[in-house]
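The values are calculated or read from the model by the stated rules, or taken from the named source; none is laboratory data. Note that the structure is predicted; figures quoted are calculated from it, not measured. Reconstructed Cβ throughout: ideal geometry from the backbone, glycine too, with neighbour counts over all protein chains shown.
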Amino acid sequence: MQTRYIFVLGGVVSSLGKGIASASIAMLLSRMGLSVTLQKFDPYINIDPGTMNPYQHGEVFVTSDGGETDLDLGYYERFTGINMTKNNNTTAGQVYNTIIEKERKGEFLGDTIQVIPHITDEIKRKVKFVGTGFDVVVTEIGGTVGDIESLPFLEAIRQLALDLGRENVLYILVTLVPYIESAGEIKTKPTQHSVHRIREIGIQPDIIICRSEKHISDEIKDKISLFCNVQKDCVIEAPNVENIYEVPIIFAEQKLHYIITGKMSIDPNSDLEISDWNTLVKHANEINSVVKIAIAGKYTKLKDAYKSVLAAITHASWANDVKPEIIWTESDSLVENPDLLDEADAVLVPGGFGLRGMEGKVAAAKYARENKIPYLGLCLGLHAATISFSRDICKLEGAQSTEFDKKTPHPVIDLLPQQKDLKKMGGTMRLGHYACLLFSGTKSLDLYGTNIVYERHRHRFEVNSKYIDILKKNGLVVAGINPDTKLVEIIEIHDHPFYIATQFHPEFQSNPLKPHPLFKGFIRAAKERSNERKR
């Protein structure tokens, strides 16, 4: 079957949920036996989001092959169970950089380099490259219709309908249909204007997904259909939901999967099968018990900075028949007031970069350890736990400073060996998945159920090998190591209800139908603590 291409665009405003819509569409098609992949185009000039402040961009999602990508790729993986790669996320910076490098090498033979055809040709090449070997590619275009930076991408996908045949390309516009409370009316004019703008570019949307806080009546659908030139059954309602995993079900109820396959003349390999997804969502919506999880982070004012962490907590909570209540705790506040964590059933210290907030994370690790509160440390959370243990238990002289204090020649947490040679150049990080060998007699091995696992990394600091023996001698358990480098991957404390910290980011591999085992154990311990406190 020739590959079909679905392009998902946004109108009126950003943050309408194009990523969730794209992931939901891909999930439905894959559940019909089709081979599906996804792609995200981001119009910013950065090469990738790896150097961006989380307050500007949110979480950086790491793929198994080490790509630092947009957080929407996390939705893609969680909804479909399909592993993304660095090729599934392309930025304008990557496109322009590729063309400039080719021009410098003389590959264009003296041509004047222009947006059309050179930039648009590179965008089209990336679309088709990702689609190789798949039945369907769902490509999300970042930003909104009318943004200057998005225009080359919109022009490229317009051209693709000519290159590939209109029957092999489908355009879906996700747009806001606002409810004006003072008037008591739903307004379609913003959607009409968005469609008008995109038609000026040469793209006629085939399907319009309407985001609204109110139910969209047949009368409103008729109006959108008439003024936007789409069939009425192609006006799809996407109301606000508390549980985002309901979205594929809502789309399926409106036969969106059949509309897409019909318009693209796709013969599915099977009927839609999402009974397991329906069961999961029904179960999640019926849960009444709550556990309180404190997240001691440094970017807590923007919840998107911890998108995958929140997802992993949610998946594991449902598996334990509870709902999570997140206690957002700015780590700086814990230096003087660690007892802010008292109300929590468990404490999670997520990753991060830079000196700010580090001492607060160390304080969180210390308080959880001393007060027997279930603790899960992720990446920097492992560093915080190790520093706390080395200061309080081992009484190590060099551990009085964090890894960021350059006055300490051999801190407990140190730079990777290759980083020391590249410091002046900014260095590189350990990115992507690496093996972890788990040791017998550890809680981590019990939770995973296998002694070799592969997990995703994003960091440039490690536990200093010079201190491992003294840490272990004083009771810190090294539960897992990299079998090749012998670097520490997991630490535990055994005289504790649950105290595990990882050098890697397990949150990136959690799935609603397959919660991550470490998070499942963490939430189970939180539930036990919650029940004990109620007695």
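What to note about this one:
- Total residues in segment 387-409 satisfying the condition of being more than 24 Å from V62 (Cα to Cα) and either at pLDDT 50 or above or surrounded by 19 or more Cβ atoms within 10 Å (Cβ to Cβ) (or both): the figure is 14.
- Selection status of E325, acidic (D, E), not assigned by TED's automatic domain parsing to the domain that holds I523 and not in a helix (DSSP H, G or I): no
- A single member of K514, K527 is of a type in the set (D, E, K, R), modelled with pLDDT of 95 or more and buried (at least 19 other Cβ atoms within 10 Å of the Cβ), and it is K527.
- Some residue of segment 331-354 being of a type in the set (A, V, I, L, M, F, W, C), out of contact with any strand residue (DSSP E or B) (no Cβ under 8 Å at 6 or more places or on another chain) and under 23 Å from R456 (Cα atoms): yes
- Filter pass, V62 being closer than 21 Å to L431 by Cα, buried (at least 22 other Cβ atoms within 10 Å of the Cβ) and of a type in the set (A, V, I, L, M, F, W, C): yes
- Inside segment 252-268, residues that are within 17 Å of K282 (Cβ to Cβ) and either buried (at least 19 other Cβ atoms within 10 Å of the Cβ) or not assigned by TED's automatic domain parsing to the domain that holds I209 (or both) make up a count of 1.
- Taking each residue of segment 194-212 that is more than 16 Å from D233 (Cα to Cα) and looking for partners that are small (G, A, S) with beta-carbon atoms closer than 7 Å, six or more apart or interchain, yields S194/G11; R197/G146.
- When segment 222-270 is filtered for residues that are part of a helix (DSSP H, G or I), touching a residue at least 24 places away in the same chain (Cβ under 8 Å) and in contact with a Ser or Thr (Cβ under 6 Å, 6 or more places away or on another chain), the ones remaining, listed by number, are K223, I224, V247, P248, F251.
- Test: residue in segment 201-210 that is under 17 Å from F7 (Cα atoms), more than 24 Å from the chain's Cα centre (by Cα) and among the acidic types (D, E): yes
- Residues that are closer than 12 Å to V60 by Cα and either in the same structural domain as G58 (by TED's automatic domain parsing) or of a type outside the set (D, E, K, R) (or both), drawn from segment 294-310: A305, Y306, S308, V309
- Test: residue in segment 81-97 that is under 23 Å from V309 (Cα atoms) and among the hydroxyl-bearing types (S, T, Y): yes
- Selected residue (criterion: farthest from Y367 (Cα to Cα)) from residues of segment 286-310 that are in a loop (DSSP other than H, G, I, E, B) and among the charged types (D, E, K, R): K301
- Only listed residue being in a helix (DSSP H, G or I) and surrounded by fewer than 13 Cβ atoms within 10 Å (Cβ to Cβ), chosen from E219, E273: E219
- Subset of segment 20-29 [closer than 22 Å to L160 by Cα and either among the β-branched types (V, I, T) or surrounded by fewer than 24 Cβ atoms within 10 Å (Cβ to Cβ) (or both)]: I25
- When restricted to residues that are among the polar types (S, T, N, Q) and within 24 Å of I116 (Cα to Cα), segment 154-198 contains 3.
- Where L438 falls short, out of the listed (1) on the phi > 0 side of the Ramachandran plot; (2) buried (at least 17 other Cβ atoms within 10 Å of the Cβ): (1)
- Tally of residues being at pLDDT 95 or above, more than 23 Å from W277 (Cβ to Cβ) and among the aromatic types (F, W, Y) across segment 64-119: 1
- Test: residue in segment 280-293 that is out of contact with any Pro (no Cβ under 8 Å at 6 or more places or on another chain), more than 26 Å from R369 (Cα to Cα) and among the acidic types (D, E): yes
- Hey, V291 in contact (Cβ under 8 Å) with a residue 12 or more places away in the chain and outside the structural domain of L173 (by TED's automatic domain parsing) or not: yes
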